[in-house]
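**Q** Have a look at this one.
Here, each number is a calculation from the coordinates, and none is a lab measurement. All values derive from a computational prediction rather than experimental measurement. We place every Cβ from the backbone using ideal geometry, glycine too, and count neighbours over all the protein chains shown.
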Amino acid sequence: MKITILLTWGDAMGGTEMAAYTQAAQLMPRHEVEILSVFKTAEEPFLPEAKSLSVRYLVDRTGRAPRPVRETSLTPEECAALAKLPSELIEASWEPTFDRLSDIEMTAALSGLDTDVLVTTTPALMAAAVKLVPSSVATVHQEHRVSQLRGATGEPLLTHAPQLDALVSLTELTTDWFAESLGASAPLLATIPNAMPDGYRPRSDLGSKTIVVAGRMVPEKQLDHAVQAFAELADEYPDWRLRLFGDGPQLVNLRRLVESLGVHDRIELVGRSQQMAEEWAKAAICLMPSRVESFGLVMLEAFTAGVPVVAYDALTGPSQIVRHEVDGLLVPADDVASLGAAMARLMGDDELRATYGAAARAGARERFAPEVITARWDELFTTLRAEPEAARAAARADRTARRIAAGGSRSFAVSAPISKLAPTADEQKAREVILQAQDRKSLVRSAGRLAEVRDDIPAWRIGQINLEISAEALERHDVPFVLLHDPSTVSHRLAVKDTDRERALRALGTELHGKPVYAELVAPKTAAPGARLAETLTAAPEVKAVRVFKPVVSDSRILRYGPVYGCSIEFWPQEEDEPRWFTAPRGTTLVGPRLPSLDGTARITVGGREYPTIDVLTKRLMWDVDFPIDAVYTWVDDTDPAWRAKRDAARLEAGLATDDAQSGDVRFRNRDELRYSLRSLSTHAPWIRKIFLVTDDQVPEWLNTEHPDIQVVSHREIFGDPSWLPTFNSHAIESQLHRIEGLSEHFLYVNDDVFFARPLAPSKFFQSNGNSLFFRSPTAVPPGEVTEETEGYFVAAKNNQALLEEEFGRVATHGFLHTPHPLRRSVLEAIAERWPEQTALTAATPFRGRTDLSITSSLHHHFAYLTAMGAPGSISAAYVNIGDYKHHVALSRLLAARHRDVICIGESAEAEVPLDERDRVLRAFLEAYFPVRSPYERD
């Protein structure tokens with residue numbers, strides 16, 4: 001069988017290149033193997049492994065101007081011109097090195113590729129390959145990074161993966177993520193780790209007292225953590241030294257750090273080495289402080305030399321190679337102190353170091369030997385080639401169709417949320433299989449854990465469930481605790497005296513035995529970090545806290561509740577000097593890091609259940625936002641024939657066309673966004689007292705108008721002059737919101753295209769003294785009066801600007817973000833009283849006009865600030881233009897990361913995405929992000 005492995009730079013030094021060359025060398029005895037590199041950038045490959053392999057290049061960049069490696073009649077000038085043009089095959093955000101010249105050469109090489117299997121090594125190459133290679137070629141993409149965390153470089157993965165024949169990941173956790181994200185559109189998924197290097201490798205005697213770190217000097221490798229941790233130990237271990245191999249943009253910063261810590265004589269910045277096998281043979285410890293590690297080929301190289309590893313327990317990589325307390329030590333991610341403690345443990349114990357080193361070498365040969373890994377590749381290739389070409393092509397077409405039918409576009413695909421937990425150990429998996437067998441109807445594996453499938457639990461409720469689980473276990477075993485109540489969060493904290501720690505862990509383990517509930521160990525002393533079944537807490541090591549959580553996943557697998565919503569049981573030690581005081585083991589509380597008592601003399605209610613707490617936490621604290629806050633939506637259904645007739649009649653009366661772009665304003669378009677915005681509000685802002693829906697006597701057919709917390713308000717009820725109606729001007733409607741009967745002083749004004757994307761506290765929008773907050777946009781409002789050339793967006797902003805300058809002598813320079821707008825009723829009333837003519841003129845204008853004020857989204861915030869009733873705030877907001885294909889990729893990222901506070905999804909009048917595709921993508925995104933129905937929907 002002929003195998004072609006496609007690389008971007010075959011002569012570069014990197015983990016991807018090293019893995020590809022190792023794989024090629026190990027496949028060669030059984031197959032014809034070729035390395036195809038798009039670019040040649042050096043006369044000789046950096047890695048010596050490449051020299052014994054067949055490497056074919058497409059574009060030569062070693063000369064003054066790039067040119068094809070093949071025979072060509074193109075002149076240097078023509079090649080240079082092509083190289084300056086952007087690639088049409090590969091987006092610059094995926095990989096900026098590609099250009100039009102590389103497009104031409106890739107098209108020529110791949111379109112006629114004579115091979116049985118093509119293996120791509122980056123998502124960018126995969127995207128190009130699935131478009132170009134003949135259908136007779138079986139296509140395999142091998143992922144060399146943590147796909148979930150790739151960001152822009154990983155965008156092609158979900159949108160183009162259905163066109164592959166197989167997708168191979170280095171770890172099960174990444175494979176699971178692809179399975180959940182792609183669903184029925186997934187190609188054959190496989191997990192195949194990297195193999196250890198073939199041939200003879202020298203072994204270390206571990207006596208050199210040298211710690212080695214090898215990797216590219218980039219922020220994600222966190223080599224500064226290695227320097228800091230070693231510097232803390234330098235005086236205690238004067239015979240030891242630290243050597244850092246590699247280069248990159250962080251080199252200068254690392255050199256400065258070494259100098260500033262005064263350890264320049266103990267830490268060496270060695271640079272790149274082509275002889276790392278010999279360097280590992282001189283090492284005593286391998287250090288891996290990476291923030292993200294896909295697999296960790298460096299660790300495998302160290303193990304081959306019999307060198308134990310100390311590593312952060314970062315997502316996927318380290319725990320797939322290092323067996324904690326067997327061949328190395330895993331410590332909590334980003335915990336420099338723990339990293340140093342683990343290093344010191346091995347530095348100070350020669351026997352332990354030797355034991356771990358022997359286990360590392362033996363274990364690597366058992367788990368990652370070339371013959372073991374190559375057999376798995378052989379099995380995959382054989383499976384693919386056994387399927388007839390026509391059947392493979394049909395399957396690819398079906399998968400692509402399923403992705404589109406599920407709401408995907410050419411740049412959007414539904415993606416599962418990212419799990420930050422390392423995968424479970426083999427012995428735990430065996431126990432999970434037994435638990436799942438007992439409840440196959442509701443339990444599934446998701447993100448490497450057992451999870452209950454539920455589509456009816458909002459975010460705030462899962463936090464309460466985890467609190468109830470934890471509190472009930474402690475109560476049944478008479479373990480005293482207090483609830484450290486913070487009403488602004490969805491997760492909860494229980495404080496237990498440190499002297500009761502073992503009793504508390506036994507209680508949790510006993511009561512949660514046989515249940516799909518997990519506990520994340522916080523700062524364990526002798527165990528690997530990560531999550532374990534809570535039933536194992538009966539034999540847990542010494543920890544500062546445990547975070548108990550019941551994993552829950554939606555039926556679509558695209559909403560997952562994990563440890564973020566867990567209940568933390570913290571073990572508070574007494575202070576030695578003042579035994580009556582207890583100190584927080586990690587972090588602090590609303591009233592500080594020390595408490596005079598952990599006796600639950602007071603009671604507090606959460607979710608209808610009482611819990612013991614301390615007296616001070618039942619009082620009104622200085623920063624509590626505890627006044628009523630309502631929400632106001634304005635809504636229109638543009639599909640209603642009666643409403644459309646009324647609008648067209650009003651446009652004719654005003655002398656306006658009824659068949660141009662403005663008459664069908666995208667601001668009127670209804671795609672059921674209100675349903676999902678209300679879902680987002682009910683799950684992420686449960687503190688809202690009442691919702692007012694302002695409409696032109698329209699009511700969504702799905703809305704439960706009998707719910708006591710929702711009230712539909714007609715325009716007729718709030719407009720001061722009936723002659724101003726009907727109106728189709730959102731500025732006019734917004735000018736009258738303060739007239740809603742029963743509306744609280746503080747409220748959020750929310751457009752139906754705005755969504756609460758994660759749990760938010762009322763303090764995100766209001767200060768405890770009553771001031772409203774606002775969120776400035778980087779978009780500047782041009783100074784000067786409104787003219788015919790002024791863009792529509794700026795007309796109202798400029799009118800606001802003129803009023804504010806005349807009244808306060810200050811020029812408003814910026815607008816505000818597309819978010820829920822925190823408003824005060826009294827401020828809106830003051831604006832109406834201060835500028836009655838301008839407010840009335842805005843209210844009386846039936847369509848957006850040149851005299852409008854934008855009161856709720858702009859003027860209110862400026863006026864409140866200048867009258868000491870408002871203040872600047874901060875919020876993480878995303879704006880997505882659903883009519884722009886380039887924005888669709890942001891939707892996939894938002895689903896996976898869920899890292900924004902609020903999301904606004906709008907569209908431009910000049911959209912490039914067809915209307916039906918916009919509708920399909922938006923529906924798919926909203927249903928995936930907000931599957932939990934709100935109480936405001938009819939059954």
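**Q** [x] 126, 66, 61; [y] 78, 75, 55; [z] 91, 85, 58: which one is Cα extents along the principal axes in Å as calculated from this entry?
**A** Checked against the structure: label [z].
**Q** Report, in debye and to the nearest 20, how large the dipole of the chain comes out about its Cα centre when Lys and Arg carry +1 and Asp and Glu carry -1 on their Cβ. Please list the in-between numbers first.
**A** On the way: 103 positive and 131 negative charges, 271 e Å.
With only Lys, Arg, Asp and Glu charged at Cβ, the dipole is about 1300 debye.
**Q** Where both partners of a DSSP beta bridge lie in the chain, what percent of those bridges are antiparallel, to the nearest 5?
**A** 35
**Q** Taking a cut-off of 16 Å between Cα atoms, list the aspartates and glutamates near Lys221, but don't count ones fewer than 8 places away on the same chain.
**A** Cross-link targets: Asp247, Glu293, Asp313, Asp334, Asp335.
**Q** Regarding the stretch 210-367, what's the average projected area of the Cα-atom convex hull, expressed in nm²?
**A** 8.1
**Q** If the cut-off is a Cα-Cα distance under 14 Å, which aspartates and glutamates reach Lys51, setting aside same-chain residues fewer than 8 apart in sequence?
**A** Qualifying aspartates and glutamates at Cα under 14 Å: Asp11, Glu17, Glu34, Glu43.
**Q** For the chain, build the charge dipole from Cβ charges (+1 Lys, Arg; -1 Asp, Glu) around the Cα centre, then report which of Leu164, Thr790, Gly151 sits farthest towards its positive end.
**A** Most positive-ward Cα: Leu164.
**Q** Using the Karplus curve 6.51 cos²θ - 1.76 cosθ + 1.60 with θ = phi - 60°, what ³J(HN,Hα) values do you get for each residue of the stretch 623-640, in whole Hz, with x for Gly and Pro?
**A** For the stretch 623-640, the Karplus-derived couplings read 9, 5, 9, 10, 8, x, 10, 9, 10, 10, 10, 10, 8, 9, 10, 6, 8, 6 Hz, x marking Gly and Pro.
**Q** Using only the C-alpha atoms of the stretch 831-938, find the volume of their convex hull and express it per residue in Å³.
**A** 196
**Q** To test your reading of the geometry: what angle, between 0 and 90 degrees and rounded to tens, separates the Cα axis of helix 123-132 from the longest principal axis of the chain?
**A** Helix 123-132 sits at roughly 90 degrees to that axis.
**Q** Against the empirical 2.2 N^0.38 Å scaling, what ratio does the C-alpha Rg of the stretch 439-618 come to? Please report the intermediate quantities before stating the final value.
**A** Working: Rg = 16.1 Å, N = 180, 2.2 N^0.38 = 15.8 Å.
That works out to 1.02 for the stretch 439-618.
**Q** Taking a cut-off of 18 Å between Cα atoms, list the aspartates and glutamates near Lys646, but don't count ones fewer than 8 places away on the same chain.
**A** Asp637, Asp638, Asp659, Asp660, Asp665, Asp696, Asp697
**Q** Any of Lys420/Lys497; Lys420/Lys544; Lys420/Lys764; Lys429/Lys515; Lys131/Lys886 with alpha carbons more than 23 Å apart? Name them for me.
**A** Lys420/Lys497; Lys420/Lys764
**Q** Specify the angular offset, from 0 to 90 degrees and rounded to the nearest 10, of the alpha carbon long axis of helix 915-929 from the longest principal axis of the alpha carbons in the chain.
**A** Approximately 70 degrees, to the nearest ten.
**Q** Next question, about the same structure. Mind listing P(r) for the stretch 852-911? All alpha-carbon pairs, 5 Å bins, whole percents.
**A** 4, 15, 17, 16, 16, 14, 12, 6, 1
**Q** Report ³J(HN,Hα) in whole Hz for each residue of the stretch 338-345, in order, from the Karplus equation J = 6.51 cos²θ - 1.76 cosθ + 1.60 where θ = phi - 60°; Gly and Pro get x.
**A** Taking θ as phi minus 60°, the curve returns 5, 4, x, 5, 5, 4, 4, 4 Hz for the stretch 338-345.
**Q** Among Trp572, Trp9, Trp581, what is the fewest-to-most ranking by other Cβ atoms within 10 Å?
**A** Ordered by Cβ neighbours within 10 Å, fewest first: Trp581, Trp9, Trp572.
**Q** Where does each of Arg454, Arg938 land when they are ranked from fewest to most other beta-carbon atoms within 10 angstrom? Mind showing how you got there, number by number?
**A** Numbers: Arg454 18, Arg938 12.
Fewest-to-most Cβ neighbours within 10 Å comes out as Arg938, Arg454.
**Q** Let me have the 222 nm mean residue ellipticity of the chain computed from DSSP H runs of 4+ only, each contributing -39500 (n - 2.57), with the sum over all residues rounded to the nearest 500.
**A** Theoretical 222 nm ellipticity from helices: -10000 deg cm²/dmol.
**Q** Further question: With an 8 Å cut-off on Cα pairs and a minimum separation of 6 or more residues, tell me the relative contact order of the stretch 210-367 in percent.
**A** 23
**Q** Within a 10 angstrom radius of the beta carbon, how do His477, His485 rank from fewest other beta carbons to most? List each step's numbers first, then the result.
**A** On the way: His477 15, His485 20.
Exposure proxy ranking, most exposed first: His477, His485.
**Q** By how many degrees, between 0 and 90 and to the nearest 10, does the Cα long axis of helix 641-653 differ from the longest principal axis of the chain?
**A** The angle comes out near 60 degrees.
**Q** Another one. Which is farthest toward the positive dipole end of the chain among Leu693, Thr122, Phe627, measuring Cα position about the Cα centre, with Cβ charges +1 (Lys, Arg) and -1 (Asp, Glu)?
**A** Thr122
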